[in-house]
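Taking it in order: structure first as structure tokens, then the write-up.
The values are calculated or read from the model by the stated rules, or taken from the named source; none is laboratory data. Values in this document were obtained by computation on a predicted structure and should not be read as measured data. Note that we place each Cβ from the backbone using ideal geometry, even for glycine, and neighbour counts take in every protein chain shown.
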Amino acid sequence: MTPETLDVDGLLDDPARRVVVCCGSGGVGKTTTAAALGLRAAERGRRTVVITVDPARRLAQSMGLESLDNTPRRVPLPEGTPGELHAMMLDMKRTFDQVVEEHADPERARQILDNSFYETLSTSFSGTQEYMAMERLGQLRESDEWDLVVVDTPPSRSALDFLDAPERLGRFLNGRLMRFLTAPAGSGPLRLLGAGVGMVTSVIGKLVGTQFLNDLRSFTAAFETVFGGFQERAERTYRLLQDPGTAFLVVAAPEPDAMREAAFFVERLDSDRMPLAGLVLNRTHPLPEGPAARLGPEEAEQAAETLSCDGGHPVAEAALRLHAERARTRERELLLRDRLLTAHPGVRVTEVAALAGDVHDLTGLRWVGARLAGGGPATEGAADAE
Amino acid sequence: MSECEHRSPSSWDPCADARLHIVTGKGGTGKTTAAAALATALASGGGRTLLVEVEGRQGVTALLERSPLPHEERPMLSAPGGGTVSVLAADPESALMEYLELFYGMRRAGQALTRLGAVDFATTVAPGVRDVLLTGKATEAVRRREGHRGRMSSTPPGSPFAYDAVVMDAPPTGRIGRFLDVNSEVAGLARVGPVHDHAERAAEVIRSERTRVHVVTLLEEMPAQETADGLDEIAGLGLHPGAVLINMVRPQLLGSADVEAAHAGTLDRASLVAGLAAAGLPEPGDLAAGLQGELHTHAVRTELEERIRGELASLGRPVLELPRLARCSGEQAVQRLAGALTEQGVRR
Ligand SMILES: Nc1ncnc2c1ncn2[C@@H]1O[C@H](COP(=O)(O)OP(=O)(O)OP(=O)(O)O)[C@@H](O)[C@H]1O
Ligand SMILES: Nc1ncnc2c1ncn2[C@@H]1O[C@H](COP(=O)(O)OP(=O)(O)OP(=O)(O)O)[C@@H](O)[C@H]1O
Ligand SMILES: [Mg+2]
Ligand SMILES: [Mg+2]
């Protein structure tokens, strides 16, 4: 099966393309891909901003990012680079604070920001990071300062979290239990359930403490005024994701779990009418061209056995065993890829071979960008970065 | 395991006394797999261990290719030389029900709370509560003595422990500090009541010398960095670091001289061609060119791995290695990994 090739340069060069979102399950290379695409777009002449989330320290440093910072910073690129690259590291708490400040009058904003529950919500609530990544994307897109906004998505086990978490957070903040617990005693909408309002409140109070419940109450009261604006913003960003000027790239490592997640995400984009550009298969193990590509794992293993009986050719024997392992890995990778393509025909694919080391500087990013745009695999031989 | 021969078998010793083994590491490095292997190794030769998972993902049953468990302890794995590993998929909701019943006799109330989503709510607004409930399940099993299930308030000190050791498949390094810092987590919450008392008891076990926090890593830069950071954080909290478990270690096919040559590109092509010809392979010349490229990649990778291995060794913790298996699920795979640990001196 030969997959249709994803034309990454065509994607980056299209002036109508304003947003590229890199999604995928944990650790597959979303941040690396986003940064590499941003760099490549800049080098192809676009004024680009990349929103990264939790980048590896060395990668961040190589782009001149030293700490969480919501303001895009210009990444110094060689003279003569036709475009610009700006990068930022999402600071979810800061973003959340800004949203609150924007939607509430100063006094109410203070009440919210000082509330102890707000601390939990803005730093360790699952879903907040996704919500804030979307929020920041919406802001940067609306500012119209950029030709292209490339967005990395938060680390999460499931790729779908990026689309689901913001709504989950909204539902929670506006949820019936929240209203119920924070309404004046006995007047909540759950009263009819007859569950014993006092009992529920008292048990929750025992668990989290009454002080905490009080904080929660004052938080909800203050937040109520902000909530509408908050929700509306999120909905607008969600619609932006459906815009034809947006392109989703689903990043996956060639492993069963990541590929399954990728398939879920492809389906989800389809049902939410969001534009999928294609699949990035990252950290693959292509075989060298020539006869090595045709030497199957069993054959290689057998040849190694023959040599091991005779002795005398230890390096050839090791090379054959190594090749057998690599060829087996490659077979598995292609099987996984083809399984996804059979279920989702027409998905365009680009492949990036695994480098020996991490990708932590502009040279590495440039190499990844070239692989992304090259469509076909190539081993790292030429770019061992070390 | 040839790749493990040079490990010193005594390196595990400081951890042999531990009753609670907490296994963390970067996401996806093999925490669940390593925790299962460790629980099995610790049960070998007639022991009883409990493997507790706390992330609500039924990772252990997936690893063992079994269907999901109810939230109760049950024997699921047998260890080499006799021995049983029980598994518990702990979940905050059922843990809370147990405690409400135990302390308040509030079974019905508990059910009503569940129906309303109140437990979910409470553990969402106050994640510390959830963590305490989960660590509490593990620490209760650590303290439990035979014949006194669940009543840790009335353990007769004489009778033997229900488990020789408890192994926890814990959250990843990014969240482990917060997860284990039980006391400060609930400091801002209820000052009385079941959760608070419970937190105190859990904290006592977690801080004890007989609890060790092990970190799983790969021979890759990010997981190794997280290992170093994680161990620092653990020590900073006054907890006791355990071993570094290097997972998915590949066998070393080339001697170090050949690795160097392959990296430098000075590997003798003619002898490679001769070897391939001797094996009867067609087009040995062109084939050798391709394989040499693969050898080069391998050599670069190997040298990087050696550097990382050195960095991990310099952290001053016992280092254990687990081989990469072609197929890493099912009871047999876990037993093989457990065997590798036992060979490296892991015992209770
Ligand atoms: N093609 C590649 N070859 C070698 N290493 C790679 C490649 N792509 C990414 N990496 C490395 O893999 C690690 C994970 O990559 P990255 O941080 O981009 O993933 P992610 O999907 O953003 O992860 P998370 O879900 O944690 O945010 C990094 O150390 C990165 O340098
Ligand atoms: N020694 C090994 N050899 C081969 N594959 C392995 C090995 N250890 C783990 N794996 C595989 O790596 C993947 C991740 O392993 P596992 O689920 O144990 O990691 P984890 O750290 O618990 O992940 P998570 O952070 O998602 O909980 C699984 O597919 C597993 O089969
Ligand atoms: Mg990332
Ligand atoms: Mg796990």
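On the given criteria, is B:SER271 of a type in the set (Ser, Thr, Tyr), surrounded by fewer than 21 Cβ atoms within 10 Å (Cβ to Cβ) and in a helix (DSSP H, G or I)?
Numbers: of a type in the set (Ser, Thr, Tyr): yes; surrounded by fewer than 21 Cβ atoms within 10 Å (Cβ to Cβ): yes; in a helix (DSSP H, G or I): yes.
Taking the combined requirement at face value, the residue satisfies it.
Return the residues of region B:230-245 that are in contact with a helix residue (DSSP H, G or I) (Cβ under 6 Å, 6 or more places away or on another chain) and more than 19 Å from B:VAL205 (Cα to Cα); say none if nothing qualifies.
Matches in region B:230-245: B:GLY230, B:VAL244, B:LEU245.
Just give me the residues in region A:342-355 being surrounded by fewer than 20 Cβ atoms within 10 Å (Cβ to Cβ) and not basic (Lys, Arg), in sequence order.
Initially, region A:342-355 is screened for residues surrounded by fewer than 20 Cβ atoms within 10 Å (Cβ to Cβ), giving A:342-346, A:348-349, A:354.
Residues satisfying the conditions are A:THR342, A:ALA343, A:HIS344, A:PRO345, A:GLY346, A:VAL349, A:ALA354.
If you check B:VAL195 against the conditions, is it buried (at least 22 other Cβ atoms within 10 Å of the Cβ), in contact with a strand residue (DSSP E or B) (Cβ under 6 Å, 6 or more places away or on another chain) and either of a type in the set (A, V, I, L, M) or outside the structural domain of B:PRO14 (by TED's automatic domain parsing) (or both)? Show your work before the answer.
Values: buried (at least 22 other Cβ atoms within 10 Å of the Cβ): yes; in contact with a strand residue (DSSP E or B) (Cβ under 6 Å, 6 or more places away or on another chain): no; either of a type in the set (A, V, I, L, M) or outside the structural domain of B:PRO14 (by TED's automatic domain parsing) (or both): yes.
Considered against the rule, which asks whether it is buried (at least 22 other Cβ atoms within 10 Å of the Cβ), in contact with a strand residue (DSSP E or B) (Cβ under 6 Å, 6 or more places away or on another chain) and either of a type in the set (A, V, I, L, M) or outside the structural domain of B:PRO14 (by TED's automatic domain parsing) (or both), B:VAL195 comes out as no.
Among the listed residues B:SER94, B:SER86, B:SER67, identify the single one that is among the small types (Gly, Ala, Ser) and touching a residue at least 40 places away in the same chain (Cβ under 8 Å). Talk me through it step by step, then tell me what you get.
Working: B:SER94 fails: touching a residue at least 40 places away in the same chain (Cβ under 8 Å); B:SER67 fails: touching a residue at least 40 places away in the same chain (Cβ under 8 Å).
From the options B:SER94, B:SER86, B:SER67, the qualifying one is B:SER86.
So which residues in region B:84-101 are within 27 Å of B:ARG178 (Cα to Cα) and at pLDDT below 80?
The answer is B:TYR99, B:LEU100.
Do the conditions hold for A:THR329, that is, is it surrounded by fewer than 19 Cβ atoms within 10 Å (Cβ to Cβ), under 21 Å from A:ALA34 (Cα atoms) and modelled with pLDDT of 90 or more? Step through it out loud before you land on a result.
Numbers: surrounded by fewer than 19 Cβ atoms within 10 Å (Cβ to Cβ): yes; under 21 Å from A:ALA34 (Cα atoms): no; modelled with pLDDT of 90 or more: yes.
Criteria not met by A:THR329.
Matching residues to (1) closer than 27 Å to B:VAL85 by Cβ; (2) more than 16 Å from ligand 1 (Cβ to nearest atom):
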{"site": "B:THR297", "(1), (2)": "no, no"}
{"site": "B:GLY310", "(1), (2)": "no, yes"}
{"site": "B:LEU322", "(1), (2)": "yes, yes"}
{"site": "B:LEU325", "(1), (2)": "yes, yes"}
{"site": "B:ARG348", "(1), (2)": "yes, yes"}
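Give region B:315-329 a look and list any residue that's over 23 Å from B:ALA62 (Cβ atoms) and either assigned to a loop (DSSP other than H, G, I, E, B) or among the β-branched types (Val, Ile, Thr) (or both), or say none. Steps first, please.
First pass over region B:315-329, keeping only residues over 23 Å from B:ALA62 (Cβ atoms): B:315-321.
Scanning region B:315-329 gives B:LEU315, B:GLY316, B:ARG317, B:PRO318, B:VAL319.
Would region A:16-27 turn up any residue that is under 22 Å from B:PRO172 (Cβ atoms), within 16 Å of ligand 3 (Cβ to nearest atom), out of contact with any helix residue (DSSP H, G or I) (no Cβ under 7 Å at 6 or more places or on another chain) and within 14 Å of chain B (Cβ to nearest Cβ)? Before you say what the answer is, go through the steps one by one.
Taking region A:16-27 as the starting set, the residues that turn out to be under 22 Å from B:PRO172 (Cβ atoms) are A:22-27.
Pick out the ones that are also within 16 Å of ligand 3 (Cβ to nearest atom) and you get A:22-27.
Then drop every residue that is not out of contact with any helix residue (DSSP H, G or I) (no Cβ under 7 Å at 6 or more places or on another chain), which leaves A:26-27.
Next, from what is left, pick out any that are within 14 Å of chain B (Cβ to nearest Cβ): A:26-27.
Yes, that holds for at least one residue.
Among what's in region B:15-31 and is of a type in the set (D, E, K, R) and more than 14 Å from every other protein chain (Cβ to nearest Cβ), pick the residue that is nearest to ligand 1 (Cβ to nearest atom).
So in region B:15-31, the residues of a type in the set (D, E, K, R) come out as B:17, B:19, B:26, B:31.
Now drop any that are not more than 14 Å from every other protein chain (Cβ to nearest Cβ), which leaves B:17, B:19.
Working: B:ASP17: 35, B:ARG19: 33 Å.
The selected residue is B:ARG19.
A:ALA87 - would you say it is under 14 Å from A:ALA247 (Cβ atoms), more than 16 Å from ligand 2 (Cβ to nearest atom) and either assigned to a strand (DSSP E or B) or among the hydrophobic types (A, V, I, L, M, F, W, C) (or both)? Spell out how you get there, then give the answer.
Details: under 14 Å from A:ALA247 (Cβ atoms): no; more than 16 Å from ligand 2 (Cβ to nearest atom): yes; either assigned to a strand (DSSP E or B) or among the hydrophobic types (A, V, I, L, M, F, W, C) (or both): yes.
Against the criterion (under 14 Å from A:ALA247 (Cβ atoms), more than 16 Å from ligand 2 (Cβ to nearest atom) and either assigned to a strand (DSSP E or B) or among the hydrophobic types (A, V, I, L, M, F, W, C) (or both)), A:ALA87 does not qualify.
State whether one or more residues within region B:261-277 are away from chain A (no Cβ under 14 Å) and of a type in the set (Lys, Arg). Spell out how you get there, then give the answer.
Initially, region B:261-277 is screened for residues away from chain A (no Cβ under 14 Å), giving none.
Scanning region B:261-277 turns up no residue that is away from chain A (no Cβ under 14 Å) and of a type in the set (Lys, Arg).
Could you list, in sequence order, the residues of region A:41-56 that are within 16 Å of ligand 3 (Cβ to nearest atom) and either of a type in the set (A, V, I, L, M) or farther than 18 Å from A:ALA247 by Cα (or both)? If you could, list the steps in order and put the result at the bottom.
Of region A:41-56, the ones within 16 Å of ligand 3 (Cβ to nearest atom) are A:50-56.
Of everything in region A:41-56, those that are within 16 Å of ligand 3 (Cβ to nearest atom) and either of a type in the set (A, V, I, L, M) or farther than 18 Å from A:ALA247 by Cα (or both) turn out to be A:VAL50, A:ILE51, A:VAL53, A:ASP54, A:PRO55, A:ALA56.
Can you report the number of residues in region A:272-329 which are among the basic types (Lys, Arg) and over 26 Å from the mean Cα position of the chain (by Cα)? Lay out the reasoning, then the answer.
First pass over region A:272-329, keeping only residues among the basic types (Lys, Arg): A:273, A:283, A:294, A:321, A:326, A:328.
Next cut, over 26 Å from the mean Cα position of the chain (by Cα) only: A:294, A:321, A:326, A:328.
Qualifying residue count for the region: 4.
From A:ALA353, A:ALA300, grab the single residue that is outside the structural domain of A:PRO76 (by TED's automatic domain parsing) and of a type outside the set (Val, Ile, Thr). Explain how you work it out, then say what you get.
Working: A:ALA353 fails: outside the structural domain of A:PRO76 (by TED's automatic domain parsing).
On inspection, the qualifying residue turns out to be A:ALA300.
Would you point out which residue out of B:ALA90, B:ALA37 is touching a helix residue (DSSP H, G or I) at 6+ places or on another chain (Cβ under 6 Å), closer than 20 Å to B:GLN332 by Cα and within 16 Å of ligand 4 (Cβ to nearest atom)? Working first, answer last.
Details: B:ALA90 fails: closer than 20 Å to B:GLN332 by Cα.
None of the other options fit; the residue is B:ALA37.
Exactly one of these conditions fails for A:VAL8: (1) more than 14 Å from chain B (Cβ to nearest Cβ); (2) more than 16 Å from ligand 1 (Cβ to nearest atom). Give me its number.
Here A:VAL8 clears every test but (2).
Which residue is surrounded by the fewest Cβ atoms within 10 Å (Cβ to Cβ), if the candidates are limited to region A:49-85 and must be within 14 Å of another protein chain (Cβ to nearest Cβ) and within 20 Å of A:VAL21 (Cα to Cα)?
Going through region A:49-85, the residues within 14 Å of another protein chain (Cβ to nearest Cβ) turn out to be A:53-62.
When the remaining residues are screened for being within 20 Å of A:VAL21 (Cα to Cα), the result is A:53-56, A:59-60.
Values: A:VAL53: 24, A:ASP54: 16, A:PRO55: 22, A:ALA56: 18, A:LEU59: 21, A:ALA60: 21.
Ranking the candidates gives A:ASP54 first.
Residues of region A:231-254 being assigned to a helix (DSSP H, G or I), modelled with pLDDT of 90 or more and among the aliphatic types (A, V, I, L, M), which ones?
Listed by number, the residues that qualify are A:LEU240, A:LEU241.
Report whether or not B:LEU245 is more than 9 Å from chain A (Cβ to nearest Cβ), within 34 Å of the chain's Cα centre (by Cα) and surrounded by 20 or more Cβ atoms within 10 Å (Cβ to Cβ). Walk me through it before giving the result.
Values: more than 9 Å from chain A (Cβ to nearest Cβ): yes; within 34 Å of the chain's Cα centre (by Cα): yes; surrounded by 20 or more Cβ atoms within 10 Å (Cβ to Cβ): yes.
For B:LEU245, the condition - more than 9 Å from chain A (Cβ to nearest Cβ), within 34 Å of the chain's Cα centre (by Cα) and surrounded by 20 or more Cβ atoms within 10 Å (Cβ to Cβ) - is met.
Please pick out the residue among B:GLY30, B:GLY56 that is assigned by TED's automatic domain parsing to the domain that holds B:LEU245, on the phi > 0 side of the Ramachandran plot, surrounded by 19 or more Cβ atoms within 10 Å (Cβ to Cβ) and within 16 Å of ligand 2 (Cβ to nearest atom).
Numbers: B:GLY56 fails: surrounded by 19 or more Cβ atoms within 10 Å (Cβ to Cβ).
Answer to the selection: B:GLY30.
For region B:283-327, give me the residue count where each residue is more than 7 Å from chain A (Cβ to nearest Cβ), free of Cβ contacts under 8 Å to residues at least 12 places away in the same chain, farther than 30 Å from B:HIS240 by Cβ and not charged (D, E, K, R). Spell out the reasoning first.
Of all residues in region B:283-327, those more than 7 Å from chain A (Cβ to nearest Cβ) come to B:284-285, B:288, B:292, B:299, B:302-303, B:305-327.
When the remaining residues are screened for being free of Cβ contacts under 8 Å to residues at least 12 places away in the same chain, the result is B:284, B:306-307, B:310, B:313-314, B:316, B:326-327.
Within this subset, residues satisfying the condition of being farther than 30 Å from B:HIS240 by Cβ are B:284, B:326-327.
From what's left, not charged (D, E, K, R): B:284, B:326.
The qualifying residues number 2.
Scan region A:278-332 for residues that are acidic (Asp, Glu) and at the interface with another protein chain (Cβ under 10 Å from one of its Cβ atoms) and jot them down. Break it down stepwise before answering.
Here is the first cut: in region A:278-332, the ones acidic (Asp, Glu) are A:289, A:298-299, A:301, A:305, A:310, A:317, A:325, A:331.
Selection gives A:GLU289, A:GLU299, A:GLU305, A:ASP310, A:GLU317, A:GLU325.
Looking at B:LEU304, B:LEU245, B:LEU254, B:LEU295, which one is modelled with pLDDT of 95 or more and not small (Gly, Ala, Ser)?
Numbers: B:LEU304 fails: modelled with pLDDT of 95 or more; B:LEU254 fails: modelled with pLDDT of 95 or more; B:LEU295 fails: modelled with pLDDT of 95 or more.
Answer to the selection: B:LEU245.
Can you give me the number of residues within region A:57-68 that are touching a residue at least 12 places away in the same chain (Cβ under 8 Å) and more than 16 Å from ligand 3 (Cβ to nearest atom)?
The qualifying residues number 2.
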